[in-house]
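The block underneath contains the structure these notes are about, expressed in structure tokens.
The values are calculated or read from the model by the stated rules, or taken from the named source; none is laboratory data. Remember, predicted model here, so these are calculated numbers, not experimental data. FYI the Cβ positions are ideal-geometry reconstructions off the backbone, even for glycines, and counts take in every protein chain you see. These accessible areas exclude ligands, DNA and RNA; they are computed on the full protein's heavy atoms, side chains included. Shrake-Rupley method; radii C 1.70, N 1.55, O 1.52, S 1.80 Å.
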Amino acid sequence: MGSPETKLHIVRALADFEEAEGAEPVLLGLREGADEKMQKEINYALSQLGSSASLKVLAEAAAKANYVMENTGANEAYIMLIKRLAAKGDTKTAQKAAADLMKKATKANQVHSREAALEILLSVQPATAQKQILATLKDPCKAYRNAALNFASDYA
């Protein structure tokens, strides 16, 4: 496939293309043994063109990163893939993944990831948005409550 730099450019090009049929299995295969720089590009590409088949891999990578931003971009890629699935109409899968992210990010005490999960849950379950936001207002974390209030304006 060429030099490491060429591989990075190819992976980035696939991500920018967004609809590269057959690329997902190849990208998943490339993750094994990839260095940090390549993992970041692969994670990004999976977030842009992956399907539910990539959720487990990115969920594991996000958990390994403890649901924070780090050099491989695993957590951001996981969140972006969940949002992408929701936007494409796979709301059931997105809802399940967002709920799982919410639970695990809460346990890891990662507010930003919890906020992202809440935003996704509200978007895929607009009928229960008011109930979810009211429940969130009982949370001890001020930043999380404020995020919920910001999201509430979309459902008022």
Hey, L8 assigned to a helix (DSSP H, G or I), open to solvent by less than 50 Å² (accessible area, probe 1.4 Å), within 27 Å of L122 (Cβ to Cβ) and in contact (Cβ under 8 Å) with a residue 24 or more places away in the chain or not | no
Of the criteria (1) more than 19 Å from P25 (Cα to Cα); (2) out of contact with any Lys or Arg (no Cβ under 9 Å at 6 or more places or on another chain); (3) open to solvent by 80 Å² or more (accessible area, probe 1.4 Å), which one N75 fails = (3)
Failed item, numbered, when I82 is tested on (1) modelled with pLDDT of 95 or more; (2) open to solvent by 20 Å² or more (accessible area, probe 1.4 Å) | (2)
Quick check: is even one residue across the stretch 93-113 in contact with a Leu (Cβ under 8 Å, 6 or more places away or on another chain), open to solvent by 60 Å² or more (accessible area, probe 1.4 Å) and among the polar types (S, T, N, Q)?
-> yes
Scan the stretch 119-132 residue by residue and report those that are under 19 Å from A86 (Cα atoms) and either surrounded by 15 or more Cβ atoms within 10 Å (Cβ to Cβ) or basic (K, R) (or both).
-> E119, I120, L121, L122, S123, V124, Q125, A129, Q132
Subset of the stretch 19-54 (residues that are open to solvent by 90 Å² or more (accessible area, probe 1.4 Å) and at positive phi) | none
